[in-house]
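All remarks here apply to the structure that follows.
The values are calculated or read from the model by the stated rules, or taken from the named source; none is laboratory data. Quantities reported herein were computed from a predicted structural model and do not represent experimental measurements. Cβ atoms come from the backbone with ideal geometry, glycine included; neighbour counts cover every protein chain shown.
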Amino acid sequence: MDRTGVVIEELGQFSKVKLLRHTACGNCGACQVGDDSKDVHLMAKNSVNAHIGDMVEVSMNTDSVLSAAFIMYVIPLVALFAGLGIGHVLFKTLVNGELYSGIFGLAVMVLAFVVIKMNDKHFMKSDKYTAQILKIIQTENDTIVPLQ
């Protein structure tokens, strides 16, 4: 997955990059990126020494994107259903057992998100889950001269 973006913040060896939208993303709305007020930001390892305002090419392996999506979406969903099932077994004899079961399932899902967030630094150290800035396309000080 290669995308183009602009560096908006420098954070040591990482930079926050505001991704530019593809023309195909314009009106889809599936991820609400079609709304101009919603920008997509990405943390990327800055090994090319890009600075704020530089337009850069960012890359992340497709398998890594799918693995990260699995960690962020599927694991909490499984935790929710496991919590609902365990909650059903634990609270079935109570008057409001379904309510307590639902609350327990949500609590287990939130716990899964907390565990993922606590391991965020581990994921950032791994190049597998970290986007890389491949090259600087245009520096902030460059001027674009239109072709005639």
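For segment 114-138, name all the residues that are of a type in the set (A, V, I, L, M) and surrounded by 14 or more Cβ atoms within 10 Å (Cβ to Cβ).
Those that are of a type in the set (A, V, I, L, M) and surrounded by 14 or more Cβ atoms within 10 Å (Cβ to Cβ): Ile116, Met124, Ala131, Ile133, Leu134, Ile136, Ile137.
Every residue in segment 71-113 that is within 27 Å of Lys128 (Cα to Cα) and exposed (fewer than 11 other Cβ atoms within 10 Å of the Cβ), please.
Tyr73, Val74
How about segment 23-58: which of its residues are under 15 Å from Gly5 (Cβ atoms), among the β-branched types (Val, Ile, Thr) and at pLDDT below 85?
Of everything in segment 23-58, those that are under 15 Å from Gly5 (Cβ atoms), among the β-branched types (Val, Ile, Thr) and at pLDDT below 85 turn out to be Val33, Val40.
For segment 62-101, how many residues meet the condition of being farther than 30 Å from Phe123 by Cβ and either among the small types (Gly, Ala, Ser) or in contact (Cβ under 8 Å) with a residue 60 or more places away in the chain (or both)?
2
Go through (1) surrounded by 14 or more Cβ atoms within 10 Å (Cβ to Cβ); (2) touching a helix residue (DSSP H, G or I) at 6+ places or on another chain (Cβ under 8 Å) for Glu57 and report which single condition fails.
Glu57 satisfies all of (1) surrounded by 14 or more Cβ atoms within 10 Å (Cβ to Cβ); (2) touching a helix residue (DSSP H, G or I) at 6+ places or on another chain (Cβ under 8 Å) except (2).
Checking Ala68 against (1) closer than 30 Å to Glu98 by Cβ; (2) surrounded by 14 or more Cβ atoms within 10 Å (Cβ to Cβ), which single condition isn't satisfied?
Evaluating Ala68 over (1) closer than 30 Å to Glu98 by Cβ; (2) surrounded by 14 or more Cβ atoms within 10 Å (Cβ to Cβ) leaves (1) as the failure.
For Asn119, only one of the following conditions fails: (1) of a type in the set (S, T, N, Q); (2) out of contact with any Phe, Trp or Tyr (no Cβ under 8 Å at 6 or more places or on another chain); (3) assigned by TED's automatic domain parsing to the domain that holds Leu20. What is its number?
Status for Asn119: all satisfied but (3).
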